[in-house]
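S.K.: Would you mind keeping the following structure in view while I ask a few things?
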């Protein structure tokens with residue numbers, strides 16, 4: 001059955017340089033040309049469908065009846081040399097949300113159907129252009145929050161996981177062919193099949209390759225970024241520091257101690273590294289305020305879960321003995337002492353007591369921006385030192401990993417069966433089960449439930 005022609009906006013719903021309306025399906029080119037004119041005159045003859053060359057861009061105009069909507073570029077990509085493997089057309093408009101929406105509405109009125117989330121990539125999979133691992137990598141690339149994640153996703157899009165899985169399947173297919181020949185022609189090929197050698201091949205050829213995949217680690221930075229908790233005594237300037245790091249007034253700032261009662265966070269990229277900065281309630285040994293005590297409890301929980309801690313102190317006021325215990329709490333994680341208000345004369349020469357845990361000290365003025373660049377650079381270096389070095393190789397996602405573990409278990413069982421004299425027609429069942437698990441990774445035989453779960457991650461237009 002012929003698929004429908006789908007259309008959607010392929011660029012973010014925000015002002016930008018360009019907007020793109022993407023169509024895919026048997027009528028993609030015809031529908032795109034029906035709203036396109038190569039001349040600034042609605043009545044002028046447009047480009048013909050037969051005359052539209054593949055992978056060439058055409059300048060023209062889009063009209064709604066006789067009213068000009070936008071000056072655009074049209075590109076046609078004929079099947080199978082397109083993203084989806086079908087005929088694809090894209091109309092590139094100016095980047096205002098209103099204009100790109102108007103053009104999309106026109107192609108829908110002309111007969112295209114609205115695309116579901118991820119439907120373009122799903123069609124690429126169904127048309128055999130990519131396998132399921134590559135489709136998942138497209139979503140990973142869109143969601144990538146660091147260059148390490150981008151490189152890993154690009155390796156997977158290029159087929160690195162697919163090739164590794166294909167190699168495993170070829171090895172197992174050869175082994176199964178030998179075993180099935182021995183089963184079928186047992187009386188004719190006596191002695192040609194050795195269960196011990198088959199078990200050895202599983203252990204020395206297949207399992208090491210499978211384990212190599214399992215040992216690959218995904219990019220260590222989570223999608224949200226490294227979590228940095230801003231902690232310290234009340235009124236040290238933690239909220240002002242959060243606002244300075246984020247470049248926006250995210251937290252309420254007051255000279256009254258204890259203003260911050262709950263966690264306040266924000267996300268920002270620093271030199272290509274994603275961070276989530278979290279402001280917390282000021283810590284002090286005792287509090288007679290029940291709400292403030294709850295805020296301090298949440299602050300300590302956040303510190304326990306942090307990747308890094310910024311321990312903020314008022315360098316002008318100094319640190320009393322009661323700050324020592326709080327300082328030691330922060331030292332349980334990688335931390336930096338932020339000597340705030342260092343622009344004040346009273347703050348000159350401030351350093352934490354030498355008896356306290358050693359940590360980098362950065363002198364800043366959160367109010368005026370002094371030392372903030374140095375603090376950001378230090379955080380980027382510290383996060384980089386904690387991260388596992390990027391291998392540049394694609395690594396299995398949780399779905400792949402579960403299938404690989406099940407595959408390994410089946411192969412271990414097959415090897416044990418062959419060593420223990422179990423008949424080949426029984427042992428081969430475990431090898432078939434292992435191949436089935438590998439097929440799950442590439443998407444062969446994947447049912448609608450699996451596909452829906454994967455493609456619902458995608459945005460509309462991709």
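The values are calculated or read from the model by the stated rules, or taken from the named source; none is laboratory data. Predicted, not measured: the structure shown is a model, and the values here were computed from it. Every residue, glycine among them, receives a Cβ derived from its backbone with ideal geometry; neighbour counts consider all protein chains shown.
S.K.: Among the residues of region 17-45, count how many are touching a strand residue (DSSP E or B) at 6+ places or on another chain (Cβ under 9 Å) and within 24 Å of residue 95 (Cβ to Cβ).
M.R.: 20
S.K.: I've got another one for you. Enumerate the strands (runs of 3 or more DSSP E) found wholly within region 4-90, keeping only those where 2 or more residues are buried (at least 23 other Cβ atoms within 10 Å of the Cβ).
M.R.: Result: 6-9, 18-24, 67-77.
Yes/no matrix, rows are residues, columns are (1) touching a helix residue (DSSP H, G or I) at 6+ places or on another chain (Cβ under 8 Å); (2) within 30 Å of residue 68 (Cβ to Cβ); (3) at pLDDT 95 or above:
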| position | (1), (2), (3) |
| --- | --- |
| 97 | no, yes, no |
| 102 | no, yes, yes |
| 108 | no, yes, yes |
| 134 | yes, no, no |
| 148 | no, no, no |
| 152 | yes, no, no |
| 164 | yes, no, no |
| 186 | no, no, no |
| 192 | yes, no, no |
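S.K.: Moving to a separate point now. Here is a list: 143, 178, 160. Which entry is out of contact with any strand residue (DSSP E or B) (no Cβ under 8 Å at 6 or more places or on another chain) and under 24 Å from residue 268 (Cβ atoms)?
M.R.: One residue alone meets the criteria, 143.
S.K.: Kindly indicate whether any position in region 93-100 is surrounded by fewer than 23 Cβ atoms within 10 Å (Cβ to Cβ), without any contact (Cβ under 8 Å) to a residue 24 or more places away in the chain and on the phi < 0 side of the Ramachandran plot.
M.R.: Looking for residues that are surrounded by fewer than 23 Cβ atoms within 10 Å (Cβ to Cβ), without any contact (Cβ under 8 Å) to a residue 24 or more places away in the chain and on the phi < 0 side of the Ramachandran plot, one finds at least one in region 93-100, hence yes.
S.K.: Another question about this same structure. Which condition does residue 424 not pass, out of (1) surrounded by 17 or more Cβ atoms within 10 Å (Cβ to Cβ); (2) more than 38 Å from the chain's Cα centre (by Cα); (3) at positive phi, if it passes all the others?
M.R.: Unmet for residue 424, out of (1) surrounded by 17 or more Cβ atoms within 10 Å (Cβ to Cβ); (2) more than 38 Å from the chain's Cα centre (by Cα); (3) at positive phi: (3).
S.K.: Can you tell which of 205, 180 is surrounded by fewer than 18 Cβ atoms within 10 Å (Cβ to Cβ), modelled with pLDDT of 90 or more and either in the same structural domain as residue 270 (by the TED database) or not in a loop (DSSP other than H, G, I, E, B) (or both)?
M.R.: The conditions single out 205.
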